[in-house]
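Sharing a structure with you now.
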Amino acid sequence: MLFKMNKVVFYHERFPAGGAERITANIADYIHNKGYEVYVITAKAESYDLDSLKVIEIPEQKSIYSKEADKAINFIIQFINDNKIDIFISISLDTHVFKAIKERTQCKVVRALHSIPIWESIDRYYIKKGASRHSLLKKIKWHTLTYIDYHWLKKYDRKFIKRYQEMYQNIDALTVLCDKYKEQLETYFKDGSRIHVIPNPEYPREHVNLNKKKQIIFSGRLSYADKRIDRLLNIWNKIYRTIPDWELIIIGDGPERENLKLLAKKLKLERITFAGYTESIDDYYRDAAILCLTSTFEGWPLCLTEAQANGVIPVAFNCCAGIEYLLSPNKQNGILVSNGNIKEFAAEIVSLVNNPQLMKQMQQNVLNKINDYSPQAIGEKWIALFDKLIKQ
């Protein structure tokens, strides 16, 4: 009797690109070693070096989000049928993709939610807030119509809840990052049995340096709607004179880079460096003592687990259940700051750097915490889900 190898395909707009793509690569590496054949279909393939998966680029780089979406979807469906793919996974919310695959293939369909539920609503709201900074008319509109629509009338939430409900009708499983996200989504669906909690994995590092420099870092995309690095600059403005031996390093790139540089200049900040994008982020984690995250919203910030894996103490606004899970108990696995409270955030950093004993203890704690989301533990959750879906 011939052994049938199970086959899984992921869809990403670009691959590799950011955090979601890195998670896919980690999952692929684990399940490939368990006998799965893994593919990534993408509209645009970047250079990569991965033995655990095969990257397939859609001809002429057509995208499921473009005007030629039908051609991209047809290519995906043809690939699924020709290669007898068992499971299709996407981070997309585009229901027409899931519906087409369900109707025209025998493949099981999974949506992997890599952020907080209904993040699209929050993102839309804060993108408009960001745009209002540069226009008086937009600022007035945001403080009146947009604010009322979002907070009072809940128009944004209702729109995306409806889209989530449509999406849920056309998939076999929805993965979320923690139990509280599942609980929230269960209130939108009549049947929550297809929601599965699978956190993101993180690899432990070898030879972690615990002889840290007096460095505070931010690592991530320099964007306004979600990351709000301007808050971190205002926090640094409150404390840099109080902790004169410390420096702040901003690692990453994005649309807010020049605005942040202008703000730093306006505030006359000292000992701050904009390091730009790097593919060697662990070089910074190796030396840094503290990582700060001042986001408006997140799902499961990979920078926090990267920091923990390198013995770096994370300090973050408690803006979502994912962050709360990663850093709890507070002041053991990181420091949770009341959401949006800049004064409290500044005080917590000063208190931490003035308590070397607590810092040493927290360094050990965060290294132990990383075992909760080891690739093996998380990989087995994906294997269990795949086995369940294939047997249905």
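The values are calculated or read from the model by the stated rules, or taken from the named source; none is laboratory data. What you see is a predicted model, and the numbers here were worked out from it, not measured in a lab. Cβ atoms come from the backbone with ideal geometry, glycine included; neighbour counts cover every protein chain shown. These area figures cover heavy atoms from the full protein model, side chains too; ligands, DNA and RNA do not enter into them. Shrake-Rupley method; radii C 1.70, N 1.55, O 1.52, S 1.80 Å.
Conditions tested, residue by residue: (1) over 21 Å from Ser92 (Cβ atoms); (2) touching a Lys or Arg at 6+ places or on another chain (Cβ under 6 Å).
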position	(1), (2)
Tyr125	no, no
Lys128	yes, no
Trp142	yes, yes
His151	yes, no
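Something else now. Can you name the residue in segment 278-315 that is in a helix (DSSP H, G or I) and out of contact with any strand residue (DSSP E or B) (no Cβ under 8 Å at 6 or more places or on another chain) and is also surrounded by the fewest Cβ atoms within 10 Å (Cβ to Cβ) among such residues?
Step one: list which residues in segment 278-315 are in a helix (DSSP H, G or I), which gives 281-287, 302-309.
From what's left, out of contact with any strand residue (DSSP E or B) (no Cβ under 8 Å at 6 or more places or on another chain): 282-283, 286, 302, 305, 309.
Working: Asp282: 13, Asp283: 11, Arg286: 18, Leu302: 21, Thr305: 22, Ala309: 20.
Across segment 278-315, the extreme among qualifying residues is Asp283.
Out of (1) open to solvent by 40 Å² or more (accessible area, probe 1.4 Å); (2) assigned to a loop (DSSP other than H, G, I, E, B); (3) out of contact with any Phe, Trp or Tyr (no Cβ under 8 Å at 6 or more places or on another chain), the odd one out for Ser63 is which?
Result: Ser63 passes all but (1).
Can you find a residue that is open to solvent by 60 Å² or more (accessible area, probe 1.4 Å) and in contact with a Lys or Arg (Cβ under 9 Å, 6 or more places away or on another chain) anywhere in segment 25-47?
Yes, segment 25-47 contains at least one residue that is open to solvent by 60 Å² or more (accessible area, probe 1.4 Å) and in contact with a Lys or Arg (Cβ under 9 Å, 6 or more places away or on another chain).
Evaluate segment 216-223: report whether one residue or more is among the charged types (D, E, K, R), within 19 Å of Ser90 (Cβ to Cβ) and either out of contact with any strand residue (DSSP E or B) (no Cβ under 9 Å at 6 or more places or on another chain) or without any contact (Cβ under 8 Å) to a residue 40 or more places away in the chain (or both).
We begin by selecting, within segment 216-223, every residue among the charged types (D, E, K, R); these are 221.
Filter again for within 19 Å of Ser90 (Cβ to Cβ), leaving none.
Looking through segment 216-223, none of the residues is among the charged types (D, E, K, R), within 19 Å of Ser90 (Cβ to Cβ) and either out of contact with any strand residue (DSSP E or B) (no Cβ under 9 Å at 6 or more places or on another chain) or without any contact (Cβ under 8 Å) to a residue 40 or more places away in the chain (or both).
Does Ser223 count as under 27 Å from Met359 (Cβ atoms), open to solvent by less than 30 Å² (accessible area, probe 1.4 Å) and polar (S, T, N, Q)? Don't jump to the end; show me each part of the working.
Values: under 27 Å from Met359 (Cβ atoms): no; open to solvent by less than 30 Å² (accessible area, probe 1.4 Å): yes; polar (S, T, N, Q): yes.
Spelling it out, it is not the case that Ser223 is under 27 Å from Met359 (Cβ atoms), open to solvent by less than 30 Å² (accessible area, probe 1.4 Å) and polar (S, T, N, Q).
So which of Ile64, Ile87 ends up being at negative phi and at pLDDT 95 or above? Give the steps one after another, and end with the answer.
Values: Ile64 fails: at pLDDT 95 or above.
Result: Ile87 is the single residue among Ile64, Ile87 that is at negative phi and at pLDDT 95 or above.
Could I ask something else about it? Kindly check whether there is at least one residue in segment 289-301 that is under 25 Å from Pro375 (Cβ atoms), of a type in the set (Val, Ile, Thr), touching a helix residue (DSSP H, G or I) at 6+ places or on another chain (Cβ under 7 Å) and touching a residue at least 24 places away in the same chain (Cβ under 8 Å).
no
If I go through segment 1-54 residue by residue, how many of them are of a type in the set (Asp, Glu), more than 21 Å from the chain's Cα centre (by Cα) and in a loop (DSSP other than H, G, I, E, B)?
Keep residues of segment 1-54 that are of a type in the set (Asp, Glu), which gives 13, 21, 29, 37, 46, 49, 51.
Subset that is more than 21 Å from the chain's Cα centre (by Cα): 37, 49, 51.
Now restrict to residues that are in a loop (DSSP other than H, G, I, E, B): 49, 51.
Residues flagged as of a type in the set (Asp, Glu), more than 21 Å from the chain's Cα centre (by Cα) and in a loop (DSSP other than H, G, I, E, B) within segment 1-54 amount to 2.
State which residue pairs qualify: first residue touching a residue at least 60 places away in the same chain (Cβ under 8 Å) and under 19 Å from Ala307 (Cβ atoms) and inside segment 254-281, second residue open to solvent by less than 80 Å² (accessible area, probe 1.4 Å) and outside any helix (DSSP H, G or I) in any location, beta carbons under 8 Å apart, and separation of 6 or more residues or different chains.
Cβ pairs passing all conditions: Ile281/Ser219; Ile281/Ile251.
Another question about this same structure. Being aliphatic (A, V, I, L, M), open to solvent by less than 20 Å² (accessible area, probe 1.4 Å) and either modelled with pLDDT under 95 or under 26 Å from Phe10 (Cβ atoms) (or both): is that true of Ile349 here? Spell out the reasoning first.
Details: aliphatic (A, V, I, L, M): yes; open to solvent by less than 20 Å² (accessible area, probe 1.4 Å): yes; either modelled with pLDDT under 95 or under 26 Å from Phe10 (Cβ atoms) (or both): no.
For Ile349, the condition - aliphatic (A, V, I, L, M), open to solvent by less than 20 Å² (accessible area, probe 1.4 Å) and either modelled with pLDDT under 95 or under 26 Å from Phe10 (Cβ atoms) (or both) - is not met.
Looking only at segment 181-211, filter to residues that are open to solvent by 30 Å² or more (accessible area, probe 1.4 Å), in contact (Cβ under 8 Å) with a residue 12 or more places away in the chain and assigned to a helix (DSSP H, G or I); which one of those is nearest to Glu279 (Cα to Cα)?
So the first thing to find is which residues in segment 181-211 are open to solvent by 30 Å² or more (accessible area, probe 1.4 Å), and the list is 182-184, 186-188, 190-191, 193-194, 196-197, 203-211.
Checking which are in contact (Cβ under 8 Å) with a residue 12 or more places away in the chain leaves us with 182, 184, 188, 194, 196-197, 203-205, 208-210.
Pick out the ones that are also assigned to a helix (DSSP H, G or I) and you get 182, 184.
Numbers: Lys182: 33, Gln184: 35 Å.
Out of the qualifying residues, it is Lys182.
Another question about this same structure. Might you let me know whether segment 318-334 holds any residue that is under 17 Å from Lys212 (Cβ atoms) and outside any loop (DSSP other than H, G, I, E, B)?
no
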